[in-house]
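Undergrad: Structure provided below as structure tokens; questions to follow.
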Amino acid sequence: MALLLLLVGLTPGFGLGLAGAGSLESVLMPGKVISGHAKTEQKCEACHIRFDREGQNKRCRDCHKDVGQDIAQKQGYHGRIKEQACRTCHTEHKGREARIVVLDEKWFDHTLTDYPLKGKHTETECGKCHKSGSKYRSAQSACVACHKKDDAHKGKLGAKCADCHTELDWKEARFDHDTTDFKLEDKHAKAKCKDCHRDNVFKDTPMACVSCHRKDDKHKGRFGEKCQTCHNAKVWDALVFDHDRDTKYLLRGKHRQARCDTCHTGNLYRDKLQTACVSCHKKDDKHKSSLGEKCGDCHVERDWKEARFDHSRSRFPLLGKHDAIECKACHKSPVFRDTPMTCIACHKKDDKHKGSLGDKCGDCHGERDWKENRFDHGKTRFALLGKHRDVKCDDCHKDRKYKDTPVACLACHRKDDVHKGQQGEKCEQCHSAQDWKQTTFNHGRTRFPLLGRHIAVECKKCHATAQYKDAKTECLACHEKDDVHKRRLGVQCESCHNARSWSLWDYNHNTRTRFKLEGGHRGLDCYSCHSKPVTGKAVLPMTCVSCHDKDDVHDGAFGRQCDKCHGIDSFKQIKSRMGQTRTSGKVTTSGMACPTSVRGLCGDGAVQRALTLQAMLAAGGDAR
């Protein structure tokens, strides 16, 4: 303490008076900081946290954010070395000119940085890349930062020198031309770089063949600049073009014997060659274009005069008797395309329906014989099944009106509906076309599936009328006479009985109710509690007095929770305060002293009241 007071009260002669010190920390400062930290020298808290030695590291990282980021992201030199206190390497308060960043260049491990040294870089002096007065981390990692003078491309290929050059030797190139849009194949692989890349200009070098081979173009540019379509890099004079493979126009017949310039008279790519026959054979068209330009539908390449028209490939194949008819019987003029294809165009006089069924005669009539009817009812919305097959058309289609004929069963069978419409109009759910009286109704899909002995019961036993929905699903609707309980156990018979046999029943009072049968309740008859008929579920109150009201000798003086004092095995069994039971007996008051010390209870005729209170306390009651 004396030393502290001495330091605080130093005389002005020493230059450390109280006014000049500013704070206790500045008085105790061991020495000046480096010039880079000089502005914070009087602010000790900028680097130090009182009584927290390790807090100094956080202060360092708050100022040196780039180093702090490296440590946090595990990158750079500081992020890869073993984490330790900053002062371990950088010690302050050694004077303005002190070097607190001391680096042993000989033993420094550059692999811990973001730029490992490889090849000739391992032999390079540090000062070649790390300029004096600059931070080590500020050294550029791009190749051109040091090798710009070595760039013979003058920056035209960008700054990614490593794509071609290596650290072993700057002049050693490893560029893979196959990674570009122009792979070197055959004779191109043997060519020197400068043959294509003039003046070391590699970027935007033209890839068209004519850029190097224009002198070799015997077509004088008439076939365009896509020389690779016919020529390849192996041999310029060899042609690889295949007209059948490389175009959409296969050469067949006499076309294969024609010279290229017979058809290709102009510029190959500028003047698009037409593939239509009439572009070359218009003078041979005797139809005067009335049949269109698809000459190949009838003519072939072997000989123009050879016709091969197949009517089956047209929109109207010739079938049946149509195949024997002469062309001019249908084609009244040379303009074949305008010939109508509807049946009534030729057979209107044969239509006995007078147009009432429309013009789609082919739906019923065939080409072999007009009188032959081939209408398939199975393709309509109403396929004919069962007895419907034997019904005449006129029975359903009145007045020969076939369109919009109703398909609902009731349209014809309403008189047969004994259900009077109660079951809806979907008769097919139960009845079939084989026999109206034969039903396939599945009772399992109703609200009342048939189980057990219900399966063998006749429908009329439950369904008194054909109005099936009127049948009730309650057990008592059919089994009222079988109820020996006279409704004293409610009307939910299924709670105990099942459909296998009415006499088989199963009911567990302990698991299916909230009132377990224990003690004296265990052997009681059901009717001992359930003594009156009910209309719904058999539900009784669970309080003791609901059955034992007549046994309450206290006349309700002790409340309705009898089980507080009485046991389950016997109503006469009394529970004591300690959980033991005893059998109650008569209590006399003659000659007994007051059994309680409660003031005011003993007096005129108060002994009986005191005994009563004592019994209540023994049973666990409250003296209040």
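The values are calculated or read from the model by the stated rules, or taken from the named source; none is laboratory data. Quick caveat: nothing in here was measured; it's all calculated off a predicted structure. Don't worry about glycine lacking a Cβ; one is built from the backbone with ideal geometry, like all the others, and counts go over all protein chains shown. Surface areas here come from the heavy atoms of the whole protein model, side chains and all, with no ligands, DNA or RNA. Shrake-Rupley method; radii C 1.70, N 1.55, O 1.52, S 1.80 Å.
Each row is one residue, and each column tells you yes or no for (1) under 57 Å from the mean Cα position of the chain (by Cα); (2) closer than 30 Å to K154 by Cβ.
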residue	(1), (2)
A191	yes, yes
R198	yes, yes
C212	yes, yes
C230	yes, no
C263	no, no
H281	no, no
S289	no, no
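Yes/no per residue for (1) closer than 30 Å to H497 by Cα; (2) more than 50 Å from the chain's Cα centre (by Cα):
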site: A408; (1), (2): no, no
site: K426; (1), (2): no, no
site: H431; (1), (2): no, no
site: L451; (1), (2): yes, no
site: E458; (1), (2): yes, yes
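Undergrad: A follow-up question, please. Return the only residue of A477, A411, A466, A471 being in contact with a helix residue (DSSP H, G or I) (Cβ under 9 Å, 6 or more places away or on another chain), surrounded by 12 or more Cβ atoms within 10 Å (Cβ to Cβ) and modelled with pLDDT under 85.
TA: Residue meeting the stated conditions: A471.
Undergrad: To continue, here is another question. Conditions first: (1) surrounded by 14 or more Cβ atoms within 10 Å (Cβ to Cβ); (2) more than 30 Å from D163 (Cβ to Cβ). R137 passes all but one, so which condition is the exception?
TA: (2)
Undergrad: Hey, could you check the range 85-121 for residues that are assigned to a loop (DSSP other than H, G, I, E, B) and of a type in the set (V, I, T) and say which is modelled with the lowest pLDDT?
TA: V102
Undergrad: Consider the range 445-484. How many of its residues are more than 30 Å from S531 (Cα to Cα) and not in a loop (DSSP other than H, G, I, E, B)?
TA: 13
Undergrad: For Q608, indicate whether it is at pLDDT below 80, over 27 Å from R487 (Cβ atoms) and surrounded by 13 or more Cβ atoms within 10 Å (Cβ to Cβ). Before you say what the answer is, go through the steps one by one.
TA: Details: at pLDDT below 80: yes; over 27 Å from R487 (Cβ atoms): yes; surrounded by 13 or more Cβ atoms within 10 Å (Cβ to Cβ): no.
No; evaluated as a whole, the condition is false for this residue.
Undergrad: Follow-up. Would you call G36 surrounded by fewer than 12 Cβ atoms within 10 Å (Cβ to Cβ) and not in a helix (DSSP H, G or I)?
TA: No: the conditions fail for G36.
Undergrad: Still on this model: List every residue pair whose Cβ atoms sit under 7 Å apart, with the two residues 6 or more apart in sequence or on different chains, where the first one lies in the range 262-286 and is among the charged types (D, E, K, R) and the second, anywhere, is surrounded by 14 or more Cβ atoms within 10 Å (Cβ to Cβ).
TA: Hits for this filter: D284/W304; D285/V278.
Undergrad: Going residue by residue through the range 217-227, is there one that turns out to be over 30 Å from R337 (Cα atoms), under 52 Å from the mean Cα position of the chain (by Cα) and of a type in the set (D, E)?
TA: Within the range 217-227, one or more residues are over 30 Å from R337 (Cα atoms), under 52 Å from the mean Cα position of the chain (by Cα) and of a type in the set (D, E).
Undergrad: Still on this structure: Inspect all residues belonging to the range 350-359 and state whether any of them is surrounded by 14 or more Cβ atoms within 10 Å (Cβ to Cβ) and not in a loop (DSSP other than H, G, I, E, B).
TA: Scanning the range 350-359 turns up no residue that is surrounded by 14 or more Cβ atoms within 10 Å (Cβ to Cβ) and not in a loop (DSSP other than H, G, I, E, B).
Undergrad: Only one residue in R381, R414 is free of Cβ contacts under 8 Å to residues at least 24 places away in the same chain and among the basic types (K, R). Which one?
TA: Matching residue, one of R381, R414: R414.
Undergrad: Within the range 501-555, take every residue that is touching a strand residue (DSSP E or B) at 6+ places or on another chain (Cβ under 8 Å) and in a loop (DSSP other than H, G, I, E, B) and give me the one that is most open to solvent (accessible area, probe 1.4 Å).
TA: Of everything passing the filter in the range 501-555, L504 is most open to solvent (accessible area, probe 1.4 Å).
Undergrad: A follow-up question, please. Between residues in the range 306-323 that are aliphatic (A, V, I, L, M) and residues that are surrounded by 12 or more Cβ atoms within 10 Å (Cβ to Cβ), which pairs lie under 6 Å by C-beta distance while being six or more apart or on different chains?
TA: A307/C298; L318/H311; L319/E367
Undergrad: Can you tell me which residue is most open to solvent (accessible area, probe 1.4 Å) among those in the range 47-84 that are under 28 Å from L117 (Cβ atoms) and not in a helix (DSSP H, G or I)?
TA: K82
Undergrad: Among all residue pairs at least 6 apart or on different chains, which show Cβ distances below 8 Å where the first residue, located in the range 463-488, is basic (K, R) and the second is in a loop (DSSP other than H, G, I, E, B) and loosely packed, with under 14 Cβ neighbours inside 10 Å?
TA: Filtered contacts from the range 463-488: K469/Q422; R487/T535; R488/S531; R488/K532.
Undergrad: Among the residues of the range 245-255 satisfying the criterion of being under 53 Å from the mean Cα position of the chain (by Cα) and open to solvent by 50 Å² or more (accessible area, probe 1.4 Å), which is nearest to K215 (Cα to Cα)? Step through it out loud before you land on a result.
TA: From the range 245-255, those under 53 Å from the mean Cα position of the chain (by Cα) are 245-251; that's our starting set.
Filter once more, so that each one left must be open to solvent by 50 Å² or more (accessible area, probe 1.4 Å): 245-246, 248-250.
Details: R245: 28, D246: 26, K248: 30, Y249: 30, L250: 31 Å.
That would be D246.
Undergrad: When only residues in the range 319-333 that are assigned to a loop (DSSP other than H, G, I, E, B) and either of a type in the set (A, V, I, L, M) or open to solvent by 90 Å² or more (accessible area, probe 1.4 Å) (or both) count, which is nearest to H365 (Cα to Cα)? I'd like the intermediate steps shown before the answer.
TA: Step one: filter the range 319-333 for residues assigned to a loop (DSSP other than H, G, I, E, B), giving 319, 325-326, 331-333.
Filter again for either of a type in the set (A, V, I, L, M) or open to solvent by 90 Å² or more (accessible area, probe 1.4 Å) (or both), leaving 319, 325-326, 332.
On the way: L319: 12, I325: 18, E326: 21, K332: 24 Å.
Looking at the filtered set, the residue picked out is L319.
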